[in-house]
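The structure appears right after this line, and notes come after that.
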Amino acid sequence: MKEKNKLDQKSKNNYKVGLYLILTFFALWYIEHLSNFLLASYGVIRPMILGFAIAFVIDLPMTFFQEKVFGKFIDPIKHRKLVLSLSLILSWLLFFAIITLILVVVIPELIKAVQSAIINLPAFIDALIDSTKRFPAVNEAIVDFKDTYYDLDIPNISAKVTNYISGNSSNLLNRAQNIISNVSSGLVAIAMGFIFSIYVSINKRALKLNANRTLYANFKESTADQINYVFKLTYDAFSKFLNSRIVSCIVLGTLNYIGMKILRLPYAGMISILVGALDIIPYFGPIIASVVGVILIFIESPFKSLVFIIFLVILQQLQENVFYPIFIGKNSGLPAIWIFVSVFLGGRLFGIAGMILFMPLATVIYTLSQDSIAKKLKEKDLDRITVAEKSNRSFDEMREERLRKID
């Protein structure tokens, strides 16, 4: 009977492998139709995805207001709807205030800072060449960079863009229709997303319960527990990342502005907004902000640009070692190399959005991998102390042990 059951299980596995291979073959054979179907499906469910994303962002301050603010003064059990309504309204007001601040202040200042850096870059390079004449190797590298920059032929690129935009009337009409169509569909998706997010925010408890009922009804309990764990881990990783980075951006931007004003450095407002906004991108964001800030300040005073670099390094150290633990608490526990790799890969694959979102995604993958490693070590009766002892042994000790086993 056991052999028959093993045979049946083996047959089931073979059937599954065969089914997967057939599905993979047809997916590759009809790849164009499949991609069109997926794009059309994404267009249909895009408002729902956007709604869930907005609801996720709204849920962060909403939970804070429910538990830390209104829940302290109003009975959350007797007056649950009142607490929910007040928290939701206040969260939406805060959300729209932040969006307005980004659209009116942050984005224009970021564009202005980048434009100023591009305009001042030739003068910055010339000043840098004059300052490095005593160092031939560095001076030659800067001259080569200057030649490469001028080879880009910015006026020609600008002319091509202008000609494309101004094209003939029929092409211009078609482009205008395409733009209007894309904007209209985007606005409809955003409007539907907002409506859907409100529904999700109000009914999140019922949605959570129904989702778990469906999950445990259709999967084994152990499988459902694992899926539930992964979803909660993902939510926890993304919520902690957003909370920590937003607070970090505000603190760093504010302290940067105060410090630059005390040191009487130029462009304090513009550079502080740039430093604060780009701090949401781990590692690379502060580097980009520092480069732009140095270019802007160097034209006015090379000494002040050096002061700015020293000040920014000290400020970031204070932020990571003092303010970050006080205001945010423990970080995700993700090793530094994982953070660097996740930001690098995210940027190469999906640009700025990937650089921001790949870090919490890496936290999820890292946590699951550590759980799997801990489980496998426990099955082999290997604890942390034993593994640490094995890893600390030298090559000579390991070789001597191997020779003893051979003898």
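The values are calculated or read from the model by the stated rules, or taken from the named source; none is laboratory data. What you see is a predicted model, and the numbers here were worked out from it, not measured in a lab. Every residue, glycine as well, gets a Cβ built from its backbone with ideal geometry; the counts of neighbours run over all protein chains shown.
Within the range 253-270, the set of residues being modelled with pLDDT under 85 and either touching a Leu at 6+ places or on another chain (Cβ under 6 Å) or surrounded by 21 or more Cβ atoms within 10 Å (Cβ to Cβ) (or both) comprises just one member, Tyr267. Residues in the range 387-407 that are more than 27 Å from Tyr229 (Cβ to Cβ), of a type outside the set (Gly, Ala, Ser) and within 40 Å of the chain's Cα centre (by Cα): 4 in all. Taking every residue in the range 382-407 that is free of Cβ contacts under 8 Å to residues at least 24 places away in the same chain and pairing it with any residue that is surrounded by 10 or more Cβ atoms within 10 Å (Cβ to Cβ), at least 6 positions away or on another chain, the pairs with Cβ-Cβ distances below 7 Å are Val387/Leu377.
In the set Asp126, Asp130, which member is among the charged types (D, E, K, R), assigned to a helix (DSSP H, G or I) and surrounded by 13 or more Cβ atoms within 10 Å (Cβ to Cβ)? So that I can check it myself, show each step before the final result.
Numbers: Asp130 fails: surrounded by 13 or more Cβ atoms within 10 Å (Cβ to Cβ).
Just a single option satisfies the conditions, and that option is Asp126.
If you filter the range 85-104 down to residues that are surrounded by 13 or more Cβ atoms within 10 Å (Cβ to Cβ) and closer than 20 Å to Ser272 by Cα, you find that the one that is modelled with the lowest pLDDT is Ile102. Contact map, the range 269-297: first residue closer than 14 Å to Val106 by Cβ, second residue outside any helix (DSSP H, G or I) and of a type in the set (Asp, Glu), Cβ cut-off under 9 Å, separation 6 or more or different chains; pairs are Gly285/Asp279; Ala289/Asp279.
Rundown of residues vs (1) farther than 24 Å from Leu233 by Cα; (2) surrounded by fewer than 20 Cβ atoms within 10 Å (Cβ to Cβ); (3) at pLDDT 80 or above, yes/no style:
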| site | (1), (2), (3) |
| --- | --- |
| Phe284 | yes, yes, no |
| Gly293 | yes, no, yes |
| Phe303 | yes, yes, yes |
| Leu306 | yes, yes, yes |
| Phe311 | yes, yes, yes |
| Gly333 | no, yes, no |
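Results for (1) within 23 Å of the chain's Cα centre (by Cα); (2) part of a helix (DSSP H, G or I), shown as yes or no for each residue.
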residue	(1), (2)
Leu265	no, no
Ile271	yes, yes
Ile280	yes, no
Val307	no, yes
Leu315	yes, yes
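Among Lys78, Lys72, Lys68, which is the only one that is outside any helix (DSSP H, G or I) and at pLDDT below 80? I'd like the intermediate steps shown before the answer.
Working: Lys72 fails: outside any helix (DSSP H, G or I); Lys68 fails: outside any helix (DSSP H, G or I).
Only one candidate qualifies: Lys78.
Hey, among Phe323, Phe340, which residue is part of a helix (DSSP H, G or I) and at pLDDT below 75? After ruling out the rest, the residue left standing is Phe323.
Does any residue of the range 99-120 turn out to be farther than 30 Å from Ile297 by Cα and touching a residue at least 60 places away in the same chain (Cβ under 8 Å)? The answer is no, given that none of the residues of the range 99-120 is farther than 30 Å from Ile297 by Cα and touching a residue at least 60 places away in the same chain (Cβ under 8 Å).
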